[in-house]
Amino acid sequence: MNIITKYLCLHLCALFIVAFSLTAANKKPNVILIVCDDLNTDIEGYGGHPQAKTPNLRRFMNSATTFQSAHCTIPICAPSRSSFLTGVYPHRSANFAFDKWFENELLQNTHTIFSHFKANGYHVLGSGKLLHHNNRREWSEFKHDSDYGPYALDGKNKVPHPAVPEPMRSDFGWVDGSFGPLVAIEDVSYGDGKNYRWATGNWQVSRDIYFDEDGKRMDPTADEQNGQWAMQRLHQLARNPSDQPFLMAVGFLRPHTPLIV
C-alpha cells in the first residue's frame, strides 16, 4: 500500500462510553461518543507500534468491550463517516466522495445515530468533526464546527505546514497539509527573509494566533476547544440532573496523518 493510499484510508475510531449512573434499571442510559480521525491499529491493544505509547487507551480497553475486526466501509473521510453514523453501506447509498450526505437521495431519508436518539427522547449535543458535513437539525445543541487549524501562513495565504513531508505537502494542500507539529514556525523562512506565521479560525476566516508577552499561545486548538466544551457541559449536566437522558458526541481532528507528535 503506497503512502497516498495509506493517507486516504481513514481509520475512524469511535469510542462509546455508556454512563450507567442512573439508579433505575428501566431508565435510558446516558451515552458519550468520541470520534478521532486517524486513530488506527498502531495504538496499544491493536497490534501497536514501537513509537505509539497510549497507556490511557490501553487502560480503557482493559475494562471495555473491544472490536478486533471492525473496518471502515470506504477509504475516504466523508462517506466513511456518513456510513458508520447511518448504518448504510456506500455501495447502497452511492455516497462515495465529498458530496453532502443530507442531499443524497437515500441518506436524506435515513436516520443518523443522532437523529435516532433525538427521536427517542434524548437530548443530543455535540461538538467538533463528526459527520463531515454537519446538519444542525440532527442536534438538540451543537457547539463548534470542525476546524482543521491552526494553519501556517506565508504572508497572507494559508499553506501546508513546512514540516509535512511529500507527497502530502504538495498533493493535499493547506487543509490536510496542516497536521504538522505545533512548533515555533515563526523561526522557519519561506523565502526573501520572511518567516511563516500561525493563523487560527475556520475555513473561511482566519487571523494570527494570539500569544502573550512570554510567547505562550493564547488561542486553543480546535481539539482543545472541543475537549474543554465536553468537560464543561458534563459538569453542568451533573450539577443539574434531568429525567431526560443525553447523547454527547465529540469529534477530534487529531491524530491525523501525517502522524507527528
Checklist entry - How many residues does the stretch 116-133 hold that are of a type in the set (A, V, I, L, M) and either touching a strand residue (DSSP E or B) at 6+ places or on another chain (Cβ under 6 Å) or in the same structural domain as GLY201 (by TED's automatic domain parsing) (or both)? => result 3
Checklist entry - Looking at the stretch 189-244, which of its residues are β-branched (Val, Ile, Thr) and part of a loop (DSSP other than H, G, I, E, B)? => result VAL205, ILE209, THR221
Checklist entry - Here is a list of conditions, (1) within 15 Å of the chain's Cα centre (by Cα); (2) assigned to a strand (DSSP E or B); (3) over 19 Å from HIS144 (Cα atoms), and LEU259 meets all of them except one; can you say which number that is? => result (2)
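Within the stretch 111-129, track down each residue that is surrounded by 18 or more Cβ atoms within 10 Å (Cβ to Cβ) and more than 14 Å from LYS100 (Cβ to Cβ).
Those that are surrounded by 18 or more Cβ atoms within 10 Å (Cβ to Cβ) and more than 14 Å from LYS100 (Cβ to Cβ): ILE113, PHE114, PHE117, LYS118, TYR122, VAL124, LEU125, GLY126, SER127, GLY128, LYS129.
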Next on the checklist: Going by what's in this entry, would ASP176 be described as of a type outside the set (A, V, I, L, M) and within 17 Å of the chain's Cα centre (by Cα)?
Outcome noted: yes
Checklist entry - Given the residues ASN30, ASN56, ASN26, which is the only one that is modelled with pLDDT of 90 or more, polar (S, T, N, Q) and under 30 Å from ASP243 (Cβ atoms)? => result ASN30
Checklist entry - Which residue out of LEU237, LEU253 is surrounded by 10 or more Cβ atoms within 10 Å (Cβ to Cβ) and within 30 Å of PRO50 (Cβ to Cβ)? => result LEU253
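Could you list all residues from the stretch 76-125 that are closer than 17 Å to PRO29 by Cα and small (Gly, Ala, Ser)?
Listed by number, the residues that qualify are SER115, ALA119, GLY121.
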Checklist entry - touching a residue at least 12 places away in the same chain (Cβ under 8 Å) and of a type in the set (Ser, Thr, Tyr): does that describe THR66? => result yes
Checklist entry - On the given criteria, is VAL175 part of a helix (DSSP H, G or I) and surrounded by fewer than 16 Cβ atoms within 10 Å (Cβ to Cβ)? => result yes
Checklist entry - When you look at PRO245, is it in contact with a Pro (Cβ under 7 Å, 6 or more places away or on another chain) and within 23 Å of SER140 (Cβ to Cβ), yes or no? => result yes
Checklist entry - Among the residues of the stretch 145-159, is there at least one that is touching a strand residue (DSSP E or B) at 6+ places or on another chain (Cβ under 6 Å), assigned to a strand (DSSP E or B) and of a type in the set (D, E, K, R)? => result yes
Checklist entry - In the stretch 35-84, how many residues are in a loop (DSSP other than H, G, I, E, B) and either surrounded by fewer than 19 Cβ atoms within 10 Å (Cβ to Cβ) or not hydroxyl-bearing (Ser, Thr, Tyr) (or both)? => result 31
Checklist entry - Do any residues in the stretch 209-224 that are over 15 Å from ALA152 (Cβ atoms) have Cβ atoms under 7 Å from those of residues that are exposed (fewer than 10 other Cβ atoms within 10 Å of the Cβ) and not hydrophobic (A, V, I, L, M, F, W, C), where the two are at least six apart or on different chains, and which pairs are they? => result MET218/ASP212
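The values are calculated or read from the model by the stated rules, or taken from the named source; none is laboratory data. Predicted model only: the values in this text are computed from it and were never measured. In this analysis, Cβ positions are derived from the backbone assuming ideal geometry, glycine residues included, and neighbour counts consider all displayed protein chains.
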